[in-house]
Amino acid sequence: MTAVHESAEMVRLFRTYTNPGAPERDSTGDHLSRASYEDNYGHPLLAVTNRHVGLFPGNDAPPITKGFRHTTLGFKELAGVSHLAPAIASLIRLKELGRQEVALRDAARLLSDIDAVRAANTVDLWREDIHAEAFGGREESIFRMVDYGCAVTARYLRRGLADPECFSAETLRDDLMTGSGADELPIGFGRVVIGTFALVGANNSARMIRWFDSVGLDWEHVILMLVGRQGRPTSGVTLGSNSLGRILRIASRGRLADERIFIAPHAPAFPDPNGANNHEIAAVEQPLRWTIARVMAAVELAPVLFPDSPRFVPPPVYGPDLTKDTTQITEMPRITGPHDWTVMIARQRLALEDPRQLLASGVTDYMADQLVRHGNDPTAIVVPGVDGITYPELP
């Protein structure tokens, strides 16, 4: 095996500026990073994992945490209904791939679970047991939506189990998602999908906005880091594909600069809080601040070195508006209102089809935007797929 020879003088020159292997951090690059670290140490740092938000207020103040997503009331119950659409689509794909036996077995199990949910679903479940903030006053509508969603998906599955040829992409679209098929549903299941995601988004956003407002963040100086894995392994790696980043941007009322938002999937994440491990959470602050200081310090060299070159600006968070001629999109288009079904459905497709997107990101930022515009009052907003729709009772 050929030995690797290095020039000691040239390697020393390399390490004079950047020496990541030196624990004393004594290179020129490290000195600049240290300056950024020290100058920003008094500024609040928001570190967001896939389950919790951690606020490190700065100047050695203890961290504060807040849970979201899986730790939020009603999330799993509504997500189970939302996921009926991809679950049934998965059955159809299994059948198309020659795994009909597996598809039918899974269809029977799914049908059994749907029947059990329909039996457990009551107005009191939503009003007394789950009792989520954004659901208040909507419990009857949520009960009816869930019951209807279970009824139409169960009917579709029973038909497919009796005649597997009925399981196809065409029947899924016409007989269930849009409801425009031979049986013509009064309301397509696609609106149930939007309604469940919108409810979760409204509840999560209302809680987070209230928390941010209560801690009185100095948003102009906040550093936001979205750390670790966010959803799928490939998801949430840009601000345009990270719905939580967009929600926090909205919650700041425009005061959080895009230049201070960093998506850092390889940065250390703090452990889930359990009431007794605040010291473990606090221990992550310095590594997080050092990680982001290295990035910020390097970014700030660009205008010093290349003042006559065009400056970088973050790409738009949203894509162009949809038109009747739009056939493809690369970023989330804006939702113009609670009845903008074309855009909401297009965003749900993008959330599935684009590996960068979080699966539940179709309408969550729109719910946060509505809440900010209405004083964070969940009763004052319109929840698409829930408000203004009366789901009929089906056998």
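The values are calculated or read from the model by the stated rules, or taken from the named source; none is laboratory data. Only a predicted model underlies this, so the values are computations on that prediction, with no experimental measurement involved. Virtual Cβ from ideal backbone geometry, glycine too; neighbours counted across all protein chains shown. Heads up: the accessible areas ignore ligands, DNA and RNA and are worked out on the full protein's heavy atoms, side chains in. Shrake-Rupley method; radii C 1.70, N 1.55, O 1.52, S 1.80 Å.
Details
- For SER27, residues with placed amide H under 5 Å, excluding near neighbours: ASN19
- Equivalent ellipsoid dimensions for segment 170-224 as semi-axes, Å, which come from the Cα gyration tensor, largest first: 42, 11, 6
- Here the relative contact order of segment 1-114, from alpha carbon pairs under 8 Å that lie six or more residues apart, stands at 10 percent.
- The GNM of the chain, with springs linking C-alpha atoms under 10 angstrom apart, assigns the highest mean-square fluctuation among VAL295, VAL192, VAL237 to VAL295.
- Stokes-Einstein diffusion coefficient of segment 322-380, Kirkwood radius over Cα pairs, 37 °C, 0.692 mPa s, in µm²/s: 265
- Average accessible area per residue (Å²) across the chain - probe 1.4 Å, nucleic acids and ligands excluded: 51
- Inter-label distance for VAL313 and THR326, nm, one decimal - labels placed 7 Å from Cα along Cα-to-Cβ: 2.1
- Label sites at ARG109 and HIS83, each approximated as a point 7 angstrom past Cα along Cα to Cβ, lie 1.2 nm apart.
- Using the Karplus relation 6.51 cos²θ - 1.76 cosθ + 1.60 with θ = phi - 60°, the per-residue 3J(HN,Hα) values for segment 257-262 come to 6, 4, 5, 10, 10, 10 Hz, with x marking Gly and Pro.
- Rg over Rh for the chain works out to 1.05, both radii taken from alpha-carbon positions and Rh defined as the Kirkwood radius.
- Most fluctuating residue given options VAL222, VAL48, VAL299, as computed from a GNM of the chain linking Cα atoms under 10 Å: VAL299
- Taking the convex hull of the alpha carbon positions in segment 115-220 and averaging its projected area over all directions gives 9.5 nm².
- Largest-first principal axis extents, alpha carbons of segment 99-166, Å: 43, 18, 16
- Each Cα pair under 8 Å and six or more residues apart adds its separation to the average, and for the chain the resulting relative contact order is 21 percent.
- The 3J(HN,Hα) values that the Karplus relation (6.51, -1.76, 1.60; θ = phi - 60°) gives for segment 186-195 are, in residue order, x, 9, x, 5, x, 6, 5, 4, 4, x Hz. Gly and Pro appear as x.
- Once the convex hull of all Cα atoms in segment 64-128 is built, its volume per residue stands at 97 Å³.
- Per residue, the convex hull spanned by the Cα atoms of segment 30-187 measures out at 193 cubic angstrom.
- In range of the label at ALA282: residues from segment 58-91 whose backbone nitrogen is under 18 Å from the point 7 Å along Cα→Cβ: 58-66
- Figure note: SER7, SER36 ranked by solvent-accessible area, largest first, 1.4 Å probe, ligands and nucleic acids not counted: SER7, SER36.
- Extension gain, ALA302 back to LEU352 (0.36 nm per residue minus Cα-Cα distance, nm): 14.4 nm
- Solvent-accessible ranking of ASP39, ASP377, largest area first, probe 1.4 Å: ASP39, ASP377
- Of all DSSP bridge pairs formed entirely within the chain, close to 45 percent run antiparallel.
- Estimated FRET transfer efficiency (GLU140, ARG210; beta-carbon r; R0 25 Å; 0.05): 0.50
- Amide H within-cut-off set for VAL386, under 5 Å, with H built and near neighbours excluded: none
- Using R0 = 45 Å, the C-beta based FRET efficiency linking ASN59 and VAL123 works out to 0.35.
- Cβ-derived FRET efficiency at R0 25 Å, ALA380 paired with ARG173, nearest 0.05: 0.10
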